[in-house]
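Written below as structure tokens is the structure these notes are about.
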Amino acid sequence: MTAESTPASPAPAPAPGPPGGNTEPGGAEPALTPEAARERIAALKLDQPDLYAAYHNPRDRSHETAKARVTALFAQAYPEKGPTTETRTDPATGVPIKVPVDAQGAAFDEVPATAEGYSAVIDDSIPPTLDGKIDAADRQAAACHFRALGLTRGEARELSGYMVSRGAQFDALQREHHLSGRAPALAAERVQRQGQVAAKKLQADWGDGYDGRMEQAKAVVDGAPGFGRFLAETGLGNHEGVIRLLDRVAQRRAGKQ
């Protein structure tokens, strides 16, 4: 597993601030209705080009702030997609704790026994605007990958979100560059830059353990038939969040979590 994989798709279209309002990447978003938030997202590129550019450029000094703003806007746009919690008794201590659960009431920190056990979190991660564009075969393939990887429901929801986001990003590039046909090349360039940025961040965080942890993450991928090819085709093998998720799985298997 490397932090530099094969080309894939781009980054999802973010969310705008009020027309004529604060256009700096760091400005806070006001509370919005879901409908208003979706309109902001659709008009982001035109209404807030600075925020749009910072969100799509990991090297921009305002990238993290822009990313936080866009994430907050998506949360307002699709409030029903957030996990709910239930109060359950911790089996180890007997103390009541709040546990994130999916739409079927299954705890997010549990590993389902079958691929079907991931269906609710996959459905939950798909925004209404994309619901009809992701067919049953794609959902089933994702569920089989998640089961082979041994992901918890929470990890599956996170990875499913990355998958949906990557697909939306590539669709956006295709629309923007459909006449020139440059979308695949631009996507490949973006994935390569993403891998370079991810490698630097992970090397800084993991220090001397970087090579070993990357090998462990690769071992997780190798144990899930077809998943390595999927990462290569989509470019998600270069995604920092995906690599960190696979590292968490590897650490759990090694009993270090």
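The values are calculated or read from the model by the stated rules, or taken from the named source; none is laboratory data. These numbers come from a predicted model, not from an experiment. Quick reminder, even Gly has a Cβ in these numbers, built from the backbone with ideal geometry, and neighbours come from all protein chains shown.
What residue, of L236, L173, L159, L179, is more than 18 Å from the chain's Cα centre (by Cα) and either within 27 Å of I126 (Cα to Cα) or surrounded by fewer than 20 Cβ atoms within 10 Å (Cβ to Cβ) (or both)?
L179
Please list, ordered by first then second residue, the pairs with beta carbon atoms under 8 Å, 6 or more apart or interchain, first in the stretch 109-128 and outside any helix (DSSP H, G or I), second of a type in the set (K, R).
Close Cβ pairs satisfying both conditions: D109/R153; E110/R153; V111/R153; P112/R147; P112/R153; T114/R147; P127/K81.
How many residues, within the stretch 147-170, are touching a residue at least 60 places away in the same chain (Cβ under 8 Å) and either closer than 20 Å to H56 by Cβ or hydrophobic (A, V, I, L, M, F, W, C) (or both)?
Qualifying residue count for the region: 12.
With G212, G255, G207 as the choices, which residue is in a loop (DSSP other than H, G, I, E, B), loosely packed, with under 14 Cβ neighbours inside 10 Å and among the small types (G, A, S)?
G255 is the lone residue from the list that is in a loop (DSSP other than H, G, I, E, B), loosely packed, with under 14 Cβ neighbours inside 10 Å and among the small types (G, A, S).
Which one of the conditions (1) surrounded by fewer than 20 Cβ atoms within 10 Å (Cβ to Cβ); (2) of a type in the set (D, E, K, R); (3) in contact (Cβ under 8 Å) with a residue 12 or more places away in the chain; (4) farther than 22 Å from Q140 by Cβ does R190 fail to meet, given that it meets all the rest?
The failed condition is (1).
Which of (1) touching a His at 6+ places or on another chain (Cβ under 9 Å); (2) of a type in the set (S, T, N, Q); (3) at pLDDT 85 or above is the odd one out, the single condition Q169 does not satisfy?
The one condition Q169 does not meet is (3).
Looking at A199, A185, can you tell me which residue is touching a residue at least 24 places away in the same chain (Cβ under 8 Å) and either surrounded by fewer than 21 Cβ atoms within 10 Å (Cβ to Cβ) or assigned to a helix (DSSP H, G or I) (or both)?
Details: A185 fails: touching a residue at least 24 places away in the same chain (Cβ under 8 Å).
After ruling out the rest, the residue left standing is A199.
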